[in-house]
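Remarks on the structure that follows.
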Amino acid sequence: MAARRELADELRRMRGGRRGAAVAGLLGWSESKLSRIETARTGISDADLERLLQVLGAPRVELVRLRDLARRGRVRVWWAPYRSSVAEPYDEYVAFEAEAVSMCEWEAQLVPGLLQTDEYAHAVIGAGADNRDPEILQRRTALRMARQSVLTREPAPELCVVLDESVLRREVGGRAVLRRQLQRLYDASGRPGVDLRVMPFSAGSHAALTEAFVIFEFEDRPPVVHSEDLIGGQLRTKDAEVRVYRAAFEDLRRRSLPVGETRSLIARSGERLG
């Protein structure tokens, strides 16, 4: 996906101030097709790339380099077998996880997917309005579990998570499921590269009461913020927007319990469940 994103960035730069609808019209494409290519949601064939570069007036010498990026961007990714069961924005989210060198995540309702147990994930995914098909539910749960391998790759990304205290109390899947999930959280909080903290109820109001979000940092491209909503979330890439989310996360981290106190609270919460 890194090559596809590099290509997408180059194509957006080449288009400059020209409207996407106008460029797509010259090619006989829908505007959505061009948008998917320019946001790295889909690859592009060599023939389409050559036509697009002609319309953009790109130097012929660029074709060889960009064609190589396009071919590398079409390489099958590990989560391809699951694509039929997830929406396109989720596919993009998984790609961000696979490429990130660090992730800073705030969650007010649920345990983050990278730290969920399979039974907790099954309960969360099954609560969605579009997840009534047992086969789709199983495939989405399997994908969520497979995503967790990113934490054991070499080198592993840094994961910094702040959870609202309510996450420790919401009985997703029932008391027994939550108890086992809290044990998973406790174990994860002691792993190298994982910084897990809880925002206690006593902290009061803070900068991110209204939404959950993740800040993805990459080695060789600008950061991306993904904020959650009911239909897949929003991506934010503008410098000014990213700065707002970074400041909000730092505020959350300052107000949250230190790691040691967080681990104690998680342990007590699990004991309370029996």
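The values are calculated or read from the model by the stated rules, or taken from the named source; none is laboratory data. Because the structure is predicted, anything quoted here is derived from the model rather than measured. Virtual Cβ from ideal backbone geometry, glycine too; neighbours counted across all protein chains shown.
The figures follow:
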{"quantity": "Given (1) at pLDDT 90 or above; (2) under 15 Å from the mean Cα position of the chain (by Cα), number of the condition residue 222 does not satisfy", "calculated": "(1)"}
{"quantity": "Residue selected from segment 30-46 under the condition touching a residue at least 12 places away in the same chain (Cβ under 8 Å) and of a type in the set (Asp, Glu), by the criterion nearest to residue 67 (Cα to Cα)", "calculated": "46"}
{"quantity": "Residues that are more than 12 Å from residue 116 (Cβ to Cβ) and touching a residue at least 40 places away in the same chain (Cβ under 8 Å), drawn from segment 179-190", "calculated": "179, 183, 186, 189, 190"}
{"quantity": "Matching residues, segment 145-193, being basic (Lys, Arg), farther than 23 Å from residue 250 by Cβ and modelled with pLDDT under 95", "calculated": "147, 153"}
{"quantity": "Candidate set: segment 166-178, residues that are in a helix (DSSP H, G or I) and in contact with a Leu (Cβ under 9 Å, 6 or more places away or on another chain); chosen: the one nearest to residue 118 (Cα to Cα)", "calculated": "178"}
{"quantity": "Verdict on residue 148 being more than 18 Å from residue 173 (Cα to Cα), assigned to a helix (DSSP H, G or I) and polar (S, T, N, Q)", "calculated": "yes"}
{"quantity": "Conditions (1) farther than 24 Å from residue 268 by Cα; (2) under 22 Å from the mean Cα position of the chain (by Cα); (3) assigned to a loop (DSSP other than H, G, I, E, B): number failed by residue 191", "calculated": "(1)"}
{"quantity": "Those helices (runs of 4 or more DSSP H) lying entirely in segment 1-60 with at least 1 residues charged (D, E, K, R) and under 23 Å from the mean Cα position of the chain (by Cα)", "calculated": "2-15, 31-38"}
{"quantity": "Any chance residue 198 is in a strand (DSSP E or B), in contact with a helix residue (DSSP H, G or I) (Cβ under 6 Å, 6 or more places away or on another chain) and closer than 25 Å to residue 125 by Cβ", "calculated": "yes"}
{"quantity": "Any hit, segment 231-239, residues being of a type in the set (Asp, Glu), surrounded by 16 or more Cβ atoms within 10 Å (Cβ to Cβ) and under 23 Å from the mean Cα position of the chain (by Cα)", "calculated": "no"}
{"quantity": "Flag if residue 163 is touching a residue at least 12 places away in the same chain (Cβ under 8 Å), touching a strand residue (DSSP E or B) at 6+ places or on another chain (Cβ under 9 Å) and part of a helix (DSSP H, G or I)", "calculated": "no"}
{"quantity": "Considering residues of segment 90-125 that are surrounded by 17 or more Cβ atoms within 10 Å (Cβ to Cβ) and without any contact (Cβ under 8 Å) to a residue 40 or more places away in the chain only, the residue nearest to the chain's Cα centre (by Cα)", "calculated": "113"}
{"quantity": "Selection count, segment 215-224, where residues are crowded, with 17+ Cβ neighbours inside 10 Å, within 18 Å of residue 41 (Cβ to Cβ) and out of contact with any Leu (no Cβ under 7 Å at 6 or more places or on another chain)", "calculated": "1"}
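Per-residue answers, yes or no, for (1) assigned by TED's automatic domain parsing to the domain that holds residue 137; (2) hydroxyl-bearing (Ser, Thr, Tyr); (3) modelled with pLDDT of 85 or more:
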| residue | (1), (2), (3) |
| --- | --- |
| 88 | yes, no, no |
| 93 | yes, yes, no |
| 98 | yes, no, yes |
| 113 | yes, no, yes |
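The rows are residues; the columns are (1) assigned to a strand (DSSP E or B); (2) crowded, with 18+ Cβ neighbours inside 10 Å; (3) touching a strand residue (DSSP E or B) at 6+ places or on another chain (Cβ under 6 Å); (4) not acidic (Asp, Glu).
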| residue | (1), (2), (3), (4) |
| --- | --- |
| 210 | no, no, no, yes |
| 226 | yes, yes, yes, yes |
| 241 | no, no, no, no |
| 247 | no, no, no, yes |
| 251 | no, no, no, no |
| 257 | no, yes, yes, yes |
